[in-house]
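For reference, the structure discussed in these notes is given below.
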Amino acid sequence: MRNIKLALLIAALSISGCGGGGDDNSSSTTQTITTPTPKPLADYVLNSDKLRQYELGDYVSYTFNFDETYSDGSGQYWNGGSLEWQIETDSNEWYDTDGSKTLISTYTVDIDGFVENQITERFIQSSRVDYPEVSGGYNLISDKDILVVDKSWDDNIYCIAYRIDENTCYPVPLSPSEFKVGYSWEFAGKSNRGLSLITMDPKGLYDSIVKWEVEKKEVIETELGSFETYKLKMYRELSTQTTTSRVYYVTEGYYWYYPRIGVVKADIVKSQRFSGNSTPYQKNEIDYTINYTNIPI
């Protein structure tokens, strides 16, 4: 029995590293476990929910793609073009009651060194809350339609939200002033496609629906790096009755906002179709992603 106990003791010491030919003077080492530094969610994380107050000279450049198709299979496309957006002085500026003033934003589409399209847009960031369904804070609002950069359909729309009973044209907020997931805005009424706001020719009035919603936060990749953004879903519909059918002009898509800059990515589909026909007569697919800005990030 004594030999068995001695054998068990020697075995135990060997397992613990204290016997079996080990050095009696050796000491055990303590292993330090370090927790790796968490990788940032994106190169540019959300550090503000409030949309930038734009200033003269603000500039953003995007890589721009455009694909146009018709029901007969014809069409055209531009890939790798440039879309430039810049804030300029409004020579006919006016001030709102809160002191905010109008600015001019210019969209320029350049394909292989040639200007294919240019839109000049007046807008204002106002804190007023007396516009229909516009809640507090600064809102980017417009007197024309700049939901898309394609000029061919919407250039003659001078009033997005027209109230027939008031004979008044209201501006439309294109994005919230302070982003919050779940925030939404909607207008259903008329739009004037005529050439004059004064005459308001009934023949120029279209049924109009505009709505958008901040769906969620999302990280996207761009040439400038990755951005943590707010993803805004947008829907726009114009319709009018012709002698033979009803015509629908629908614009829908997504905008990814980094509030300190504005839009850093957009993916838009425009279609024109006639009632009774689910296949669009014309469809435009537009996308653009930021590649440079002089706005401090």
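The values are calculated or read from the model by the stated rules, or taken from the named source; none is laboratory data. Since the model is a prediction, treat every value here as computed from it, not as a measurement. No Cβ is skipped: glycine too gets one built from the backbone with ideal geometry, and neighbour counts run over all protein chains shown.
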State yes or no: is Thr279 at pLDDT below 90 and either within 23 Å of Phe64 (Cα to Cα) or among the hydroxyl-bearing types (Ser, Thr, Tyr) (or both)? yes
Leading residue by the ranking (nearest to the chain's Cα centre (by Cα)) among those in the range 185-238 that are among the small types (Gly, Ala, Ser) and at pLDDT 85 or above: Ser226
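Criterion first (in contact with a Pro (Cβ under 8 Å, 6 or more places away or on another chain) and either on the phi > 0 side of the Ramachandran plot or among the small types (Gly, Ala, Ser) (or both)) does Ser278 satisfy it?
It is false that Ser278 is in contact with a Pro (Cβ under 8 Å, 6 or more places away or on another chain) and either on the phi > 0 side of the Ramachandran plot or among the small types (Gly, Ala, Ser) (or both).
A quick yes/no check of all residues on (1) of a type outside the set (Lys, Arg); (2) in contact with a Gly (Cβ under 7 Å, 6 or more places away or on another chain); (3) crowded, with 17+ Cβ neighbours inside 10 Å; (4) in a strand (DSSP E or B):
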residue: Leu41; (1), (2), (3), (4): yes, no, no, no
residue: Gly57; (1), (2), (3), (4): yes, no, no, no
residue: Gly73; (1), (2), (3), (4): yes, no, no, no
residue: Asn79; (1), (2), (3), (4): yes, no, no, yes
residue: Glu84; (1), (2), (3), (4): yes, no, yes, yes
residue: Ser105; (1), (2), (3), (4): yes, no, yes, yes
residue: Val109; (1), (2), (3), (4): yes, yes, yes, yes
residue: Gln118; (1), (2), (3), (4): yes, no, no, yes
Within the range 56-111, the residues that are acidic (Asp, Glu), farther than 24 Å from Gly225 by Cα and within 22 Å of the chain's Cα centre (by Cα) are Asp67, Glu68, Glu88
The residue that is modelled with the lowest pLDDT, considering only those in the range 110-129 that are out of contact with any Lys or Arg (no Cβ under 9 Å at 6 or more places or on another chain) and hydrophobic (A, V, I, L, M, F, W, C), is Val129
